[in-house]
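Encoded as structure tokens, the structure appears first; notes follow it.
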Amino acid sequence: MAGGFQLNLQGQKQTGMAHTGTGLLSDASTVLFNPGGISLLDSGFHISAGTSLLFPRVTYLEPYPGNYSTETVHHIGTPFTFYATYKKAGSKLGFGLGVYTPFGSKQQWEDNWIGQFLIREIDLKTIFIQPTLSYALNENFSIGAGFVYATGSFGLRKGVPVQDSTGAYGEGNLNGKASGTGFNAGLYYKSNGGFSAGICFRSSLLAKISGGTAEFTVPNSLSSYFPSTSFNTQIRLPFVSTLGLGYSKEKWKFAVDINYVGWSSYDSLIIDFEQNTDKLADIHSVRNYKNSFIFRVGSQYKTSEKLDLRAGVYYDMTPVQDGYLTPETPDVNKIGITAGLSYRPISNLSIDASFLFIEGAQRSDVNLETGFAGTYKSRAFVPGVGIEYHF
């Protein structure tokens, strides 16, 4: 995972090298990492697909005296990727298609935890579909861009501070479908001496939910105050601009990427209910995210014609400012350590694997809006596997 609710798990080769790939081409996942590089890949078809298994852990400790602590309910995230590119031999044009999951978040706490009236569970899923065109201006420089259509879903559960005859608190459950459009564009340059560089810009994207469903579980005597209704909301997913540098020499490859993520687009979570009552008001919760950086360094060593080994490290700066930390997305500065390999049983087939360990800094905060305070600590383990075929 990355700052906020961005998922940086969009290619197994790249993940093994700290998710670098804008200034160093690897495979068909260039569709996402730098659309400009597609026309400089080897001619023919490149097809790759993969998935990662995300095992996140977040712990919470109450402020002084700190007697209460808990952690999120264990779950497994499954972000996936599919990419395909084609370039005819001798042509300057390259074509690509990507289907990937760059944003998503699932955070679930026990229903009776101390912060249940703020959040019990949130679940955001996105799928981006990106047809792409690339053009090689010459043998060293190319450009490219792709249209992005995004679809996804949003779910939110919160406790309602009313009790039934057994003492159980009520619940609000919101669900909806979202969609939006954007683009991905890139420039790629490679020298004859092993150096390469790239710039990629993925636009922000406004994901809108219209006609979502809101259902409430409360005592019958209060049902008129919490009617089943519909809601509208929207969230602007941030732009991501990346500068990438690469160097290849004999059996070695090195890459450096710097991501600048436009998280300031997420300033509020606003939910507009179609029907309001004295007890059911619209939600307008301030988030006030700030733009942030991610710094990445990765390397690859070719041990033989059949095996490549990879390693990398990155530093991910949180976009969540002091005073705005929430248990919905308890984000912190993080360090990621990566490793990976590719095994080629035959010349045109590659089996790829990666492993990512994420360690988040411990962070204490008091939310200015709700007054909810505590200390959070996060960690994640992310193995992944993929396959690439070239013909």
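The values are calculated or read from the model by the stated rules, or taken from the named source; none is laboratory data. Everything quoted here is computed from the prediction, not taken from an experiment. Neighbour counts run over all protein chains shown; Cβ positions are idealised from the backbone, glycine included. Ligands, DNA and RNA are stripped out before the accessible areas are found, and what is left, the full protein with its side chains, is counted by its heavy atoms. Shrake-Rupley method; radii C 1.70, N 1.55, O 1.52, S 1.80 Å.
Okay, here's what the table says:
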read-out	value
Of residues in region 71-82 being out of contact with any Ser or Thr (no Cβ under 6 Å at 6 or more places or on another chain) and not in a loop (DSSP other than H, G, I, E, B), the one nearest to Phe381 (Cα to Cα)	Gly77
Search result, residues across region 353-391 that are outside any strand (DSSP E or B) and open to solvent by 40 Å² or more (accessible area, probe 1.4 Å)	Ala361, Gln362, Leu368, Glu369, Thr370, Gly371, Phe391
Subset of region 256-279 that is under 23 Å from Lys177 (Cα atoms) and either without any contact (Cβ under 8 Å) to a residue 40 or more places away in the chain or aliphatic (A, V, I, L, M) (or both) - its residue that is surrounded by the most Cβ atoms within 10 Å (Cβ to Cβ)	Ile271
Selected residue [of a type outside the set (D, E, K, R) and open to solvent by less than 10 Å² (accessible area, probe 1.4 Å)] from Ser105, Ser29	Ser29
Subset of region 295-304 that is touching a residue at least 40 places away in the same chain (Cβ under 8 Å) and farther than 9 Å from Lys253 by Cβ - its residue that is nearest to the chain's Cα centre (by Cα)	Arg296
Filter pass, Asp272 being out of contact with any Ser or Thr (no Cβ under 9 Å at 6 or more places or on another chain) and of a type in the set (D, E, K, R)	no
Residue list for region 305-332, filter: among the small types (Gly, Ala, Ser), over 23 Å from Val240 (Cβ atoms) and in contact (Cβ under 8 Å) with a residue 60 or more places away in the chain	Ala311
Meets criteria (buried (at least 24 other Cβ atoms within 10 Å of the Cβ), in a strand (DSSP E or B), at pLDDT 95 or above and within 13 Å of the chain's Cα centre (by Cα)) for Thr85	no
Condition met for Lys158 (part of a strand (DSSP E or B), surrounded by fewer than 15 Cβ atoms within 10 Å (Cβ to Cβ) and in contact with a Gly (Cβ under 7 Å, 6 or more places away or on another chain))	no
Number of the exception - Met317 against (1) out of contact with any Gly (no Cβ under 9 Å at 6 or more places or on another chain); (2) over 20 Å from Ile122 (Cα atoms)	(1)
